[in-house]
1. Quick one: what do you get for the range 5-60 if you divide its Cα Rg by 2.2 N^0.38 Å?
2. Per 5 Å bin from zero, what fraction in whole % of the C-alpha pairs of the chain is there, up to the bin with the longest pair?
3. In nm², what is the average projected area of the convex hull enclosing the Cα atoms of the range 29-93?
4. Can you compute the modelled spin-label distance between GLU128 and SER48, with each label point 7 Å from Cα toward Cβ, in nm?
5. Give me the Kirkwood hydrodynamic radius of the range 69-196, using the inverse of the mean 1/r over all pairs of distinct Cα atoms, in Å to one decimal.
6. For LYS9, list the aspartates and glutamates whose Cα falls under 19 Å from its own Cα; do not include residues on the same chain fewer than 8 positions away.
7. Using only Cα atoms, find the angle between the long axis of helix 177-195 and the longest principal axis of the chain, and express it within 0 to 90 degrees, rounded to the nearest 10.
8. By how many nm would the segment from ASP19 to ALA144 grow when fully extended, if each residue of separation counts as 0.36 nm and the alpha-carbon distance is taken off?
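Coordinate-derived values only; no laboratory data. Remember, it's a predicted structure, so these values are computed and weren't measured experimentally. We place every Cβ from the backbone using ideal geometry, glycine too, and count neighbours over all the protein chains shown.
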Amino acid sequence: MTISLKTRKQEMVREAIFDAAMELFVLNGFNETTVHQVVEAAGISQRSFFRYFATKSDLLAYRISGLGDALVSAVAACPPEMPALEVVREAASAGIEYSRSEPRTLQIIEISAQNPAARQAHRAAMVEVESRLSEAFAVRVKSASKYNLEPRMLSLLTLMADDLAWSSWFAGETKDSSTALRNAFRRLTCLFRESGAASPVGLRKRPVRQLAKR
């Protein structure tokens, strides 16, 4: 599908606002940066800013819709016979790969780690991602609603795995986010084995020890 010139221009303006804001957040701090400073740095009017972003907090969530796309696509691409926990791992891996491909990911992590308001804004934006992912899992497990226990559990487990992987890497516990994700799932499968806890639907189709191999 051909993207119109108007759409391309809008994307360029949105990117310029986002880049200017991120540089200011890193330089001055999230709370200390004002919308006025952002529009000056981006070379636009304040009216134009609010055409693209409702609030300053929305800037941190700019890339999150893309993350949702990556997670949902990964769930849909998994074979029907694949055990649920492996689908979670595939989706989490897709999320990690998407975040690694985004040049501002580390800055967003650092800003969120240092500022409660920024962290809250980022988490609020993740609610929509969780909803979309729960819907994808609901289709997969033939659940009546995305609000049912199983699709929500699988969605939250996916997002938790990604969050733990990035946190572990950011804290210096692993050399990269992919290794951190493998470690998280290795520990998760150990917990299932040690506790004898009930597994998600389909997990019994494959010995749990195989899930740690990647």
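1. Normalised by 2.2 N^0.38 Å, the Cα Rg of the range 5-60 equals 1.05.
2. 1, 7, 13, 16, 17, 14, 12, 9, 6, 4, 2, 0
3. Projected area, direction-averaged: 6.3 nm².
4. Distance between the two pseudo-spin positions: 2.3 nm.
5. Computed over Cα pairs of the range 69-196, the Kirkwood hydrodynamic radius comes out at 15.2 Å.
6. Cross-link targets: ASP19, GLU40.
7. With rounding to tens, the tilt is 40 degrees.
8. 40.9 nm
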